[in-house]
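The values are calculated or read from the model by the stated rules, or taken from the named source; none is laboratory data. Please read these numbers as outputs of a predicted model, since none were measured by experiment. With ideal geometry, Cβ positions are generated from the backbone for all residues, glycine too; neighbour counts draw on all protein chains shown.
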Amino acid sequence: MGARFLFVLAAGLGLAAFSNDKLDQWVDATVLPQLQAETSVEVLDRSGALLRAYTVADGRWRLDVALSDVDPDYIAALLAYEDKRFFQHGGVDPQALLRAALQAVWNGHVVSGGSTLTMQVARLLEEGTTGQIDGKLRQMRVAMALERRLTKQEILSLYLHLAPYGGNLEGIRAATLSYFGKEPLRLTPAEAALLVAIPQSPETRRPDRSVERATDARDRVLARALRDGLIDTEQMAAARTEVVPSVRRPFPALAPHMSDRIIAEEPGLKRHQLTLDKALQGKLERLAADVVSSRGDRLQVAIVVADHASGEVLASVGSAAFVADRRAGFVDMTRAIRSPGSTLKPLIYGLSFDEGLAHPETLIDDKPTDFNGYKPQNFDRQFRGTIRIREALQESLNIPVVALTDALGPAKLLASLDKAGVKYELPGGQPGLAIALGGIGVSLEDMVQLYAAIARGGVSLPLTHQMNGQREEGQRVLSASSAWQVEDILAGLAPPPGAPENRLAYKTGTSYGHRDAWAIGFDGRNVIGIWMGRPDGTPVPGAFGADLAAPVLFQAFARLKRNLDPQPEAPPATLLVSNAELPQPLQKFRNRNAAFQPDKDAPAVAFPPDGAEVEMLPAGLLVRVSGGKAPYTWLANGVPVAISLGSKEVMLGQLGRGFVTLSVIDAMGRSARTKVRLR
């Protein structure tokens, strides 16, 4: 038994006998350390489960925890073992000091130091030593000052944050997550006893270093708990059979890209709650790792899952692994700007439906076409001839969609992307027809937002990844009918081989040079986007969205839910008819320049010629039409005057004298006119 220890005990007992005034002055003059322990920044999922945590500045794990989130049985065991009179003393417990002195004299060595829980907090706050006389006296002084500045609950809370558990673990929550893989709210008696025992000698009792010493220390705490009536003999026996963990568990490290992003957006917050679902995030991160594991060391994948009804992002996988490897795993590929390939085509078709240019049953030509020097080809370099719009989108043909873009105008497409909240980059800065085939840069996250707008009946809603974030209704991108028609077409696509037969509306895309493979799909509730490729933009030989990304899309949906949510019914205004039942102008697509280009089959007034002066016959005026398709309707100054069912000549009755405008309309709605003077 050392003289230093006896000196400290005597000093402590002397403090108790110190005059109140002098003691008050001495304690009140104490300069206290920082009383708020720095805690780890945490990222939580939508239910409050820990997704990811970051060490504090000095590399320690120290996680914030409330008293109400700690098992009360652990608190009871801690106080019973460390400081039974915690709620009675003022920081230094004379009774405990006297008991420690008597035990030391009786046993010939130090049995207990008489240190209170408040004194331990004082030492932890200042990271002081236990054995030095001046250090012990300082702890007593700080402890008494703490008792005057803080409540007992606040002191206990500091202990729960600062208690050492070996290595860089500090605080009860860091310990339970690392040793048991769970929060500290529900602990077994054995777990509680181990957590009481370790801080007394954290490096020698840490279970990942010595299970035997940790087990012995735990069992001593259990024996004390049995003696104090905190547990019964049956609980004691069961607790002693519980295996002490021999390894530390890694702290949750899900959604690393999104976590870093949200912290950069709001660097001052300690806790960030995201809309992500922890279980789903974990499943999709494992899926991402699996799908690239056998495809070389450069292929990368990114996945975004959202609830298109609310705009909440449920999972965001920026890469297959958050490591500095040849896949550039640290790069968040959900936000990288890439060529979307054919994934913009559904928007173009929807806009064409809204503009009255086409209908899903409209016929359109898939044939070699020169668009003022731009001569696109289909991916397989084949042509289908005349085909329905529905089939053109399902087969992802290039020439029909370029024809529709030419009729719409590229600016119309860009304006719709703006309404959908899609940020884009244009090579060269000027929009051209090539944007219909992927000649534009967009991110996976924004493409998912675009498809969410289609799934929501044509109304955009900005995606959000923060709980309690603002959810403002966006702009209408497509009419409800056009959005439904696009969904109906995409839902008719056959799933990839081996995928479940369902009505998932989806579209694949492959960018020029096989640099990007895409698959984006939605059901009645959720939308998922998949991107695969190399982050450095180099080609992936043989990579197609349908072969590479589409199977991953269906696997992702399988991990999200067992059964798809049904798509909505067609809006009342939707025109559900066959091609033959469509209005004549919608039966076959004509581009926007058709009205200004000569139509070899269009009707023309063969007689009388425009500007002629014609003498009326007794029977009237003989008129003749060339071209066109019967029947023909003739009008004089806009008033119908005759219908010819088959003949290209007809005699018009008395029309009067003077100038008259004659018009002829054929069965296809095409017209021609001439202005003459009758005498």
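Looking only at the stretch 554-592, count how many residues are of a type in the set (Phe, Trp, Tyr) and assigned to a loop (DSSP other than H, G, I, E, B). Give the steps one after another, and end with the answer.
From the stretch 554-592, those of a type in the set (Phe, Trp, Tyr) are 554, 557, 589; that's our starting set.
Among the residues that remain, those that are also assigned to a loop (DSSP other than H, G, I, E, B) are: 589.
The number of residues fulfilling the criteria is 1.
Inspect the stretch 513-524 for any residue being farther than 30 Å from residue 542 by Cα and either β-branched (Val, Ile, Thr) or at pLDDT 95 or above (or both) and give the result as yes or no. The answer is yes; a qualifying residue exists. When the stretch 656-676 is filtered for residues that are closer than 20 Å to residue 611 by Cα, of a type outside the set (S, T, N, Q) and surrounded by fewer than 17 Cβ atoms within 10 Å (Cβ to Cβ), the ones remaining, listed by number, are 656, 657, 658, 659, 673, 675. Residues of the stretch 425-447 include at least one that is out of contact with any strand residue (DSSP E or B) (no Cβ under 9 Å at 6 or more places or on another chain) and among the acidic types (Asp, Glu).
Residue 378 meets each of the listed conditions (1) among the polar types (S, T, N, Q); (2) crowded, with 20+ Cβ neighbours inside 10 Å; (3) touching a helix residue (DSSP H, G or I) at 6+ places or on another chain (Cβ under 7 Å) apart from (2). For the stretch 386-411, the set of residues classified as of a type in the set (Gly, Ala, Ser), within 21 Å of residue 493 (Cβ to Cβ) and out of contact with any Gly (no Cβ under 9 Å at 6 or more places or on another chain) consists of 392 only.
Take residue 346 and tell me if it is surrounded by fewer than 24 Cβ atoms within 10 Å (Cβ to Cβ) and farther than 30 Å from residue 467 by Cβ. No, not satisfied.
With the requirement that a residue be in a loop (DSSP other than H, G, I, E, B) and surrounded by 13 or more Cβ atoms within 10 Å (Cβ to Cβ), what does the stretch 349-366 give you? Steps first, answer last, please.
Within the stretch 349-366, the first condition is being in a loop (DSSP other than H, G, I, E, B), and the residues that meet it are 355-362.
Those that are in a loop (DSSP other than H, G, I, E, B) and surrounded by 13 or more Cβ atoms within 10 Å (Cβ to Cβ): 355, 357, 358, 359, 360, 361, 362.
Somewhere in the stretch 220-230, is a residue touching a residue at least 40 places away in the same chain (Cβ under 8 Å) and within 16 Å of residue 70 (Cβ to Cβ)? So far as the stretch 220-230 goes, yes, one or more of its residues are touching a residue at least 40 places away in the same chain (Cβ under 8 Å) and within 16 Å of residue 70 (Cβ to Cβ).
Report whether or not residue 189 is within 29 Å of residue 27 (Cα to Cα) and either at pLDDT 95 or above or polar (S, T, N, Q) (or both).
Details: within 29 Å of residue 27 (Cα to Cα): no; either at pLDDT 95 or above or polar (S, T, N, Q) (or both): yes.
No.
Of the strands (runs of 3 or more DSSP E) lying entirely inside the stretch 612-675, those containing at least 2 residues that are free of Cβ contacts under 8 Å to residues at least 24 places away in the same chain span 639-644, 658-665. Of the residues making up the stretch 540-552, at least one is crowded, with 19+ Cβ neighbours inside 10 Å, among the β-branched types (Val, Ile, Thr), in a helix (DSSP H, G or I) and in contact (Cβ under 8 Å) with a residue 24 or more places away in the chain.
Among the residues of the stretch 177-187, are any touching an Asp or Glu at 6+ places or on another chain (Cβ under 7 Å) and free of Cβ contacts under 8 Å to residues at least 60 places away in the same chain? No, that holds for no residue. Here the condition is being touching an Asp or Glu at 6+ places or on another chain (Cβ under 9 Å), crowded, with 20+ Cβ neighbours inside 10 Å and either modelled with pLDDT of 95 or more or not charged (D, E, K, R) (or both); of 274, 226, it holds for 274 alone.
Does residue 519 fit the bill of being part of a strand (DSSP E or B) and either of a type outside the set (Gly, Ala, Ser) or crowded, with 16+ Cβ neighbours inside 10 Å (or both)? Against the criterion (part of a strand (DSSP E or B) and either of a type outside the set (Gly, Ala, Ser) or crowded, with 16+ Cβ neighbours inside 10 Å (or both)), residue 519 qualifies.
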